Each structure stands twice: as C-alpha cells, then as structure tokens.
Amino acid sequence: MTARDGVGALAGVRVVVLEGLGPTPFISMLLSDMGAGVVRVARPRHRSAREIGQTTGLSPERDVVNRGTSSVEVDLKDPAGIESVLRLLDSADIFMEGYRPGVVERLGLGPDVVLDHNPAIVFARITGYGQSGRLAKSVGHDINYVAQSGVLHTMGHPDARPRPAVNYLGDYAGGGALGAFGIVCAVLEATRSGQGQVVDVSMVDGAALLTARMQGLRAAGLFSDEPGTNHIDNGAPFYDTYRCADGRFVAVGALEADFYRAFLAGLGSDTAAWPDRDDEENWPQLRTLIEDRIGTRSMAEWTEIFDGTDACVTPVLNFPEAARDAHNVERGVYVDVDGILHPAPSPRLHRTPARRPGLSAREGATVDDVLTTWSTPADLTS
C-alpha cells in the first residue's frame, strides 16, 4: 500500500464550526489534521474580540489550534448572515458549535432547522455540562468541569490543595479528543444510514469517562479516595517526581518489581538494604531515601545513568527540551513552523497520513469562495 502524503483519512469531509474557545477549535484542528476541510464562521473582526472574549492577542498564524482551517466572517445577528451559514450547511457533513444550550436555537441555527436543511449532517454541540441536567446552562472553565467530574480531587498530595493539569483534561481530553471521537463515530454511521444526528459533547462527561480504570480499582478496594495515597497518584515513592541537585526534576515510574530493581540498581549498590516497598508503612522512609539520593546528581546525570535501562526514569522536560529530545526528533513529535512549536498530528495512519502541521489559516474567505472550493476536489487550504 502506498501512503497518500498529507491527504488524510478525512479528506472530502466538510466541517462548518462556529467560532469559539476551549475544545471547539481543538476539535477543528484534529479533524483538519486528518484531512477534513474545516471552515470557521467568525464574527466580524470589529466586534468579535469584545463579544466572545477572544482577547488573547493571538494572531491567526500563532493560534496553533486553528491550523489548516479557513474562516468566513458572518454577522450571526443579521438574518442574511444566518442564511449564508445555512447555505454552507447544505453542503457540509459536520456542524459544530460550542455555545450554551439554547443560543444557536435563538440564532435560528438549532438542530431542527439545520437537520431539516441537511438531514445527513452531524450536529455537534460542545459544552461544559452537556445539553441536559441542572448545570446545563451554567458557565465554567476546565477547572470547574474537572472538579465536577471528580477528577480534580485525585490530583494532589495528602492535605494539599488539588492542582489542575492546565486545561488538558477537561477542554482537550474530555471535550476535545472525545468530542472528535464522537463526531467521527456519527459521521461513520451517517455514511451507512444517510441520517445525521446530534452529538452532545460534555467536558464533565468526558473527564468522568477518563476515570474508568480507577472506578474498577475503587470497587475492588485497590484505590483510595484520599488523594496522594495510591500507587499512581504520587502516593507511592516509586511513582513520583524528585528534585535533582541542579533544581530540575526526574519522573520515576518504577511500579513493577523488575523496574523497581532496575531503579534501585541505578541509584547505587547500597540500596539493597532499603526497606521493603510492598509494606506501605515503609513508604515515608523510602521517599526520604529516594529524595536524598536523587538530590546528589543533576537531571542530566540521572538521565545518562538510567538511559537504556528498564527503571522507568525520565527527565521532566520543558517544551523546548521536549522538541530537541532525540526520541521526539526521530518521531517528529514536534514541528517548528516559522518559529512556532506545533505538536504533530496524532495518531499516525500509515496509508492516509495526516497533513503536515503548519498550514496557516486562510482568513477572509467568503461563503461563495468556500462553496466554489467545495464544488471541486481541491482542499480548502490549498
């Protein structure tokens, strides 16, 4: 089989997305990376920043999540603007919006209207709390959704405040990645049935889904609800981060017995006398011993010592270091595009690979431009 360089498995799929924040542009990026033609409906620039809070100062070429997408400016408060969006939706496979429940209905772009225009379209709705439930119309951010799901409670040491993982878990994992999965599922089903449907993406739902394994462990009595007391929530001294002599950190994930033996061997021969790790009463003492030993060398020194071993010890890299790391370079994990670091598309498909990162957003197109492009095999970003 021959790879179709940079075409993508979703080539020919047409996506219309209402401009927004959080997981909505991230989902657009995921679909575009895989070849979909994505057009973003943007509000007129003289009002957009004020009305939807896009005051980050990012120019289009720096806003990585908008890579590979085109945009058209449409006044959604003007009936003519709504009609122009419906013209796009007549030819689209996916319509995506990230407003609170009821907003697009008031605009005249609700599911009943859109599915009447195009019965095969997938109507994706991306919100924090979902389209139903007591909190459905409530505002929030990643930290709120991760807290609501129960995930945030697990992220911290005993007697310490929980620490959110930036906005990776709610916005981009629970909402973004799982939202893209649900959308592609619905598109696949529509190719068989000829019927579209509404995809209700909730960041709370998605974050909760990420806990599936932990729920099984809890039911078996193998995972405590007290944060920082379990094997993989930095409760165990052999699964945590440690400060090195130079102030940098290494991550230790020596869970299995063989990996732990390799870890101790790297720390030094005298570790044979250290207390049994299987007795949790020994964990505080073990943590102190590991802290003291790791603190004797720099991060680079420990990286060299453990390189090629099964100790599961990794330097905690910042973004520039991660981009230069030998493994990541070989894999092309990050790509530099005009001085901007882009994470490469993932996962990797061998026959229909994703587009190369860095296709700049095409700004200023008109609805007629898009429809003309969609009438040909050409890609939106070509």
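No value in this document is a laboratory result; all are computed from the given coordinates. It should be emphasised that the depicted structure is a prediction, and the values quoted were computed from it without experimental measurement. In this analysis, Cβ positions are derived from the backbone assuming ideal geometry, glycine residues included, and neighbour counts consider all displayed protein chains.
A few comments on the model shown:
- For residue 255 and residue 307, a Förster radius of 22 Å and the Cβ-Cβ distance give a FRET efficiency of 0.65, rounded to the nearest 0.05.
- For residue 365, the residues 5 or more places off, or on other chains, whose built amide H falls under 5 Å of its own are 71.
- Helix-derived mean residue ellipticity, 222 nm - over the chain, DSSP H n ≥ 4, -39500 (n - 2.57), to 500: -10000 deg cm²/dmol
- Gain in span if fully extended, residue 279 to residue 161, counting 0.36 nm per residue against the direct Cα distance: 39.8 nm
- For residue 244, residues with placed amide H under 5 Å, excluding near neighbours: 249, 250
- With the simple model of a label 7 Å out from the Cα in the direction of the Cβ, residue 100 to residue 337 spans 3.4 nm.
- When only alpha carbons are used to place a centre, segment 67-112 and segment 7-26 end up 13 Å from one another.
- Amide H within-cut-off set for residue 199, under 5 Å, with H built and near neighbours excluded: 123, 124, 125
- Applying the Karplus relation 6.51 cos²θ - 1.76 cosθ + 1.60 with θ = phi - 60° to segment 108-113 yields 3J(HN,Hα) values of x, 10, x, x, 4, 5 Hz, where x marks Gly and Pro.
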